[in-house]
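Pasting a structure below so you can have a look.
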Amino acid sequence: MKPYLFSHLDEIAGRLSGRQVSVFLDFDGTLAPIVNRPEDAVLPTSMKEILQQLAGVAPLAIVSGRGSGNAREKVGIPGLVYAGNHGLEIEGEGLSYTIPEAVAAQDKIACVMAELRGVVDDLGMPGAVFEDKGLTASIHYRLLEGDVEAFLKALRNHLRPYAENGALRIVEGKKVVEIRPGVAWDKGKAVEWLLAQERFKGSIPVYAGDDLTDCDAFRAIDGTGISVAVGLHLDDADYYLRTQEEVEEFLRWLTSAIEAKRS
């Protein structure tokens with residue numbers, strides 16, 4: 001089992017000692033509680049306050065499955081970098097980068113989502129939430145009324161040919177099926193790209209996330225940074241926190257540790 005983060009603060013402080021620190025944070029389930037409908041997610045006021053303090057002492061990026069514009073709107077803090085759609089688009093603080101193949105695949109994803117609406121309608125199971133995020137799309141099933149396994153089987157069967165021919169990437173997470181362009185890019189690649197930019201270069205990265213898509217980032221900084229899983233269900237992270245609420249406590253400690261190091 002991964003070690004519990006708050007039992008190893010001295011160890012983490014030692015790893016950060018004498019280094020510039022950069023911070024990368026997922027949004028849903030990490031900074032904000034997961035809700036049934038993505039549009040209803042709200043960043044707690046106390047979390048926003050500590051993010052503002054943290055951004056004053058370390059380069060900070062939000063790395064989210066949401067579109068970068070939506071993530072920026074939800075967080076509402078200028079001066080951050082927003083890597084949206086699992087890093088397919090990166091904006092902020094003089095950075096602007098979008099994967100061209102993702103732009104080219106938008107029409108294909110829109111067509112497939114229309115097909116999936118038909119598949120779900122045929123199942124007669126209300127409650128699925130379709131989310132268009134521009135470069136990617138998602139189907140959330142937290143509110144699904146019906147047999148979840150039958151629902152997933154129907155989606156998987158329809159999507160399998162697209163995944164097998166490389167046209168699309170299909171990724172399943174917490175009560176969600178993600179439809180992405182068929183390009184080898186993820187949150188881990190986005191973090192690696194950011195770490196090569198002047199704002200983040202030479203820093204020791206700290207990454208926190210709660211879903212399977214964050215494991216790509218955990219692996220990307222393995223051996224060079226500090227990765228934190230929110231919850232026990234993820235592998236590949238250095239440490240874990242028990243709940244989303246503990247993330248705020250950790251970020252307060254991290255901000256204080258960086259401030260102390262600088263002074």
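The values are calculated or read from the model by the stated rules, or taken from the named source; none is laboratory data. This one's a predicted model, so the numbers in the text were calculated from it and none came from an experiment. Cβ sites come from the backbone with ideal geometry, for glycine too, and all protein chains shown count toward neighbours.
Could you identify the single residue in Ala257, Ala217, Ala229, Ala237 that is in a loop (DSSP other than H, G, I, E, B), in contact (Cβ under 8 Å) with a residue 12 or more places away in the chain and surrounded by 15 or more Cβ atoms within 10 Å (Cβ to Cβ)?
Ala237
With respect to Val206, is the statement that it is β-branched (Val, Ile, Thr), farther than 25 Å from Pro38 by Cβ and either under 18 Å from the mean Cα position of the chain (by Cα) or in a strand (DSSP E or B) (or both) true?
Considered against the rule, which asks whether it is β-branched (Val, Ile, Thr), farther than 25 Å from Pro38 by Cβ and either under 18 Å from the mean Cα position of the chain (by Cα) or in a strand (DSSP E or B) (or both), Val206 comes out as yes.
Just to be sure before I move on: is Val119 in contact (Cβ under 8 Å) with a residue 40 or more places away in the chain, β-branched (Val, Ile, Thr) and either closer than 28 Å to Ile90 by Cα or in a helix (DSSP H, G or I) (or both) in the structure I sent?
In short, no.
Going through Glu246, Glu172 one at a time, which residue ends up being of a type in the set (Asp, Glu) and either free of Cβ contacts under 8 Å to residues at least 24 places away in the same chain or not assigned by TED's automatic domain parsing to the domain that holds Arg156 (or both)?
Glu246
Please verify whether Met113 is touching a residue at least 40 places away in the same chain (Cβ under 8 Å), in contact with a Phe, Trp or Tyr (Cβ under 9 Å, 6 or more places away or on another chain) and over 19 Å from Asp40 (Cα atoms), treating the condition exactly as stated.
Here the answer is yes, as Met113 does meet what is asked.
Confirm whether Ser96 is of a type in the set (Ser, Thr, Tyr) and touching a residue at least 12 places away in the same chain (Cβ under 8 Å).
It is false that Ser96 is of a type in the set (Ser, Thr, Tyr) and touching a residue at least 12 places away in the same chain (Cβ under 8 Å).
Take the conditions assigned to a helix (DSSP H, G or I) and either under 21 Å from the mean Cα position of the chain (by Cα) or hydroxyl-bearing (Ser, Thr, Tyr) (or both) and apply them to Trp193. Does it pass?
Yes.
Separate question: Return a yes/no flag: does region 198-207 have any residue that is surrounded by fewer than 17 Cβ atoms within 10 Å (Cβ to Cβ) and farther than 21 Å from Leu54 by Cα.
No - not one qualifying residue is present in region 198-207.
While we're looking at this one, here's another question. Say whether the condition of being within 30 Å of Pro126 (Cβ to Cβ) and either assigned to a strand (DSSP E or B) or modelled with pLDDT of 95 or more (or both) is met by at least one residue in region 3-26.
Yes, because at least one residue in region 3-26 is within 30 Å of Pro126 (Cβ to Cβ) and either assigned to a strand (DSSP E or B) or modelled with pLDDT of 95 or more (or both).
Do we find a residue being of a type in the set (A, V, I, L, M, F, W, C) and more than 18 Å from Asp186 (Cα to Cα) anywhere in region 89-111?
yes
Being farther than 20 Å from Gly166 by Cα and assigned to a strand (DSSP E or B) is the filter here, so list the residues in region 81-102 that pass it.
Hits for region 81-102 are Val81, Tyr82, Ala83, Gly84, Glu89, Ile90, Glu91, Gly92, Leu95, Ser96, Tyr97.
Identify, please: which residue in region 52-80 is free of Cβ contacts under 8 Å to residues at least 24 places away in the same chain and in a loop (DSSP other than H, G, I, E, B) and is, among those, nearest to Ser22 (Cα to Cα)?
Applying the filter and picking the extreme gives Gly56.
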